[in-house]
Every structure is written in C-alpha cells, then in structure tokens.
Amino acid sequence: MIRNVIGSVLALLGAAAAVQSPFRTWYDDRLGRDYRVQDLFEGVSGASSGVMTSILLPFLFAALVALAGVVLRSRWTVAVAGLVVLGFTVLWMVQQGRQAGSLSVGTDGSGLREGVAQALAGGVLLLLGALVMAGRRRAARRPRTAEPYPVPPDDRPDTWPPTQEPGPSAHTSTVPEPETDPYTGPGRHRAAPADEDTAPYPVHGDAGRDRDGQHRQDGQGDGRYRPPHP
C-alpha cells in the first residue's frame, strides 16, 4: 500500500514536469512548444509551431497514460509513459544536434536550457514511480481439492455410494399370500383323515357338515372340538 502511494506520487510529479517542460526554453532562447512534432523526424527548422502541434502533444499523451497507470495501479503503464517522454526528448536532442552541429550548455544561457532538463527529469521520475509501485496484488489461489464423490441429486440419499435399498417390489407382491393355519400350517403334523379322532389337533371342518360332507338335519355339528379360525 505504501509503495503504491509513493510510486503514484513520483509518477504524477514526473507527468507534471513533462507537460510543463515545453513552456520553458529548450535551446538558446527558443521554447519547447515552438518545435513542431514533425521536426523530431524531419529535422529541426526555424518555423514556429502551434501549441497542440508542438512537442507538447506526445508529452500530453504520456501524461494521460501515466494517469491511467496510477488509477489502475499498473507499473507497466507508468513505465511506458516514462519511456515515451524520454524517447521524444532524446529524439529532439538528436535532431537539434544535427542542426546545430553539436550540443552544449553555455554559461551565458546558450545551448541546452532548463526545459530539456525538466523533460528528462520527468521521464526519470515516471520510471522511478513504476519501479517503486507494488502494483495490483493478485488474489491467492486456493488449492483445488477434488471432491471424493459428486454431490448426489435431491431425489437420492445423501450418502455416496448409494446404499442398495430394496425397492417396493421386494416387500410387496400383487398375489396375496395364503393365511397360515396355526394347527395345520407348515411345520405342523397333520393327521391322516382316518385318525382325525385321535389326532392332537383335529382338522377344521364346517360345523354344519358331518364326516361324509352331508348337511346334518339338526344344524348341529358332529360334537367334535374345532378351534375357531384365527
């Protein structure tokens, strides 16, 4: 956080110095805004230039780039702005040296002046601001842990793998099961028909029928004990 603040201040100071430098004298008594942008590529001439078509134009562009880098906390954007300022200043120095034959700083106020020094200082401050800035911190990536099992749908049990629960068909059947007789059911000894009188549990029969299957006239049973059906 502190590094970003210090770097941003240095970058803003550098951008301000670069924009202000064309309004100072660059060589002899000539202001920087008097040099045309095309003079940087075709050679310095004695023709004057407008403010927005002078060397101020690339410096304004560099200042806007630096401002965007400060807002976005982008070190590389601020560094690009510093390189633009230094690049155009050095390019002017090359063209001016070719036109004058040499570059010098005279004690009488001739030669290179404070405007060039201010432009160079602005470019250096922009690069220092880019170096000091910490930039935007990246969020720490959490290690991706693979889930042991996928999340089951809502219509399935919450456990995985799903338990093999028996379906409805395992407990129910469309065919009703016959009732088991407690006296003659499975596991019980059933006496033969001839030994029904001496069997421990007589076989069930209808109370109104005799042994031959005929209805009795009196509507009574044959007198045998027959436990009721469960």
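The values are calculated or read from the model by the stated rules, or taken from the named source; none is laboratory data. Quick caveat: nothing in here was measured; it's all calculated off a predicted structure. Heads up, the Cβs are rebuilt from the backbone with ideal geometry, glycines too, and the neighbour counts pull from every protein chain shown. Remember, those area values only see protein heavy atoms, side chains included, never the ligands or the DNA or RNA. Shrake-Rupley method; radii C 1.70, N 1.55, O 1.52, S 1.80 Å.
Hey, can you tell me all the residues within region 18-28 that are open to solvent by 20 Å² or more (accessible area, probe 1.4 Å) and closer than 22 Å to LEU83 by Cβ?
Answer for region 18-28, where residues must be open to solvent by 20 Å² or more (accessible area, probe 1.4 Å) and closer than 22 Å to LEU83 by Cβ: VAL19, GLN20, ARG24.
Looking at (1) assigned to a helix (DSSP H, G or I); (2) touching a helix residue (DSSP H, G or I) at 6+ places or on another chain (Cβ under 7 Å); (3) hydrophobic (A, V, I, L, M, F, W, C), which is the one condition that is false for TRP26?
(1)
Among residues belonging to region 29-40 that are touching a residue at least 24 places away in the same chain (Cβ under 8 Å) and assigned to a helix (DSSP H, G or I), point out the one that is surrounded by the most Cβ atoms within 10 Å (Cβ to Cβ).
GLY32
Taking region 108-134 only, how many residues are of a type outside the set (Gly, Ala, Ser) and either touching a Phe, Trp or Tyr at 6+ places or on another chain (Cβ under 7 Å) or under 15 Å from THR25 (Cα atoms) (or both)?
So the count comes out to 7.
Of the numbered conditions (1) aliphatic (A, V, I, L, M); (2) within 20 Å of GLN96 (Cβ to Cβ); (3) buried (at least 20 other Cβ atoms within 10 Å of the Cβ), ALA47 satisfies every one except a single condition; which is it?
Answer for ALA47: the failing condition is (3).
Taking the condition assigned to a loop (DSSP other than H, G, I, E, B), modelled with pLDDT under 90 and either out of contact with any Asp or Glu (no Cβ under 9 Å at 6 or more places or on another chain) or surrounded by 17 or more Cβ atoms within 10 Å (Cβ to Cβ) (or both), does ARG136 pass?
Yes.
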